[in-house]
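Participant: Would you mind keeping the following structure in view while I ask a few things?
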Amino acid sequence: MFKTILIDDEPLAISRLKRLLANYSSVIQIIDEAHNGQEGLEKIEVLKPDLIFLDIEMPVLTGFDMLSKLSYMPMVIFSTAYDQYAIRAFEENSIDYLLKPIEAERLEKTIEKLKKFEDKNEHNTLSSNVMQLLEQLRVKEDSQRNNVQKQTTAHSISVKSGEKILFIPLTDVSYFEAEDKYVFLNTTDGKQYLTNYTITSLEEKLPDNFVRISRSSIVNSFLIRELQKYFNGKYLVVMRDSKTTKLETGSAYGENLKRLMEI
């Protein structure tokens with residue numbers, strides 16, 4: 001049986017995963033859960049689990065940041081949405097990669113795969129592979145960052161529309177928003193396009209006037225109409241688009257918006 005910690009900042013995601021894993025009580029023993037990377041780091045170091053289910057994009061410490069700080073490395077099953085490069089890397093270096101929302105049939109395959117790693121030597125090999133994965137992604141991110149520095153500021157972003165590739169001027173973009181594993185571009189005239197980017201990659205790629213205000217949203221600050229105070233220190237960002245869109249800021253990103261707008 002694998003002593004397991006679930007690490008995810010979304011309570012609903014943890015609840016769903018616990019419900020699905022209840023069908024595998026002979027294989028999985030859930031010993032604790034954590035709701036951000038820092039909490040996950042502390043609990044792993046103390047409890048020394050055999051296995052963790054790990055989200056990647058979390059406040060305080062991302063899943064990658066957390067893994068890089070561990071002195072004890074458990075086996076890892078990633079449960080998140082990320083780009084295709086990472087999916088291939090995860091499949092090669094971790095037990096498995098589960099795309100949210102996790103389906104029961106897909107989890108069953110993961111559990112069958114997990115059973116093959118009950119041997120301690122296999123466990124150690126896999127833990128070493130996770131460290132190699134972190135190094136691969138770090139090198140890739142450094143390369144992307146250097147390429148961005150060499151390029152001029154982007155003025156448009158490409159999206160697919162049927163058989164066509166459209167180039168949407170950034171001046172026409174009101175905001176980007178993630179829904180499940182997809183990220184959509186929303187224009188000032190109310191049109192919406194599916195992109196091939198993650199929210200994190202857009203945050204790095206876009207000019208400074210595009211500000212990440214929550215885990216799932218990036219807005220064009222030039223098109224903010226007003227800010228409305230909301231609950232728990234959050235704000236509603238009202239956009240200057242045809243729909244007068246209102247977007248809620250995330251608690252981890254409120255300071256980012258305040259500094260930009262000099263509130």
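Participant: Where residues in the range 237-263 are among the basic types (Lys, Arg) and modelled with pLDDT under 90, which of them is nearest to Asp9 (Cα to Cα)?
Facilitator: Kept after step one, since they are among the basic types (Lys, Arg), are these residues of the range 237-263: 240, 243, 246, 258-259.
In the following step, the residues that additionally are modelled with pLDDT under 90 were identified as 258-259.
Values: Lys258: 23, Arg259: 25 Å.
Looking at residues that are among the basic types (Lys, Arg) and modelled with pLDDT under 90, I get Lys258.
Participant: Could you tell me how many of the residues in the range 4-16 are at pLDDT below 95 and touching a Leu at 6+ places or on another chain (Cβ under 7 Å)? Spell out how you get there, then give the answer.
Facilitator: Taking the range 4-16 and keeping what is at pLDDT below 95, we get 8-16.
Applying the additional criterion that residues be touching a Leu at 6+ places or on another chain (Cβ under 7 Å) yields 14.
Count: 1.
Participant: Oh, and also: Identify, from the list Leu206, Leu202, the residue that is assigned by TED's automatic domain parsing to the domain that holds Lys246 and either closer than 24 Å to Ala13 by Cβ or small (Gly, Ala, Ser) (or both). Before you say what the answer is, go through the steps one by one.
Facilitator: Working: Leu206 fails: either closer than 24 Å to Ala13 by Cβ or small (Gly, Ala, Ser) (or both).
Going through Leu206, Leu202 in turn, just one is assigned by TED's automatic domain parsing to the domain that holds Lys246 and either closer than 24 Å to Ala13 by Cβ or small (Gly, Ala, Ser) (or both): Leu202.
Participant: What are the residues in the range 202-236 that are among the small types (Gly, Ala, Ser) and at pLDDT 90 or above, if any?
Facilitator: Quick first cut of the range 202-236, residues among the small types (Gly, Ala, Ser) only: 214, 216-217, 221, 233.
Once the filter is applied, which keeps residues that are among the small types (Gly, Ala, Ser) and at pLDDT 90 or above, the range 202-236 yields Ser214, Ser216, Ser217, Ser221.
The values are calculated or read from the model by the stated rules, or taken from the named source; none is laboratory data. These figures come from a predicted structure and were not determined experimentally. Quick reminder, even Gly has a Cβ in these numbers, built from the backbone with ideal geometry, and neighbours come from all protein chains shown.
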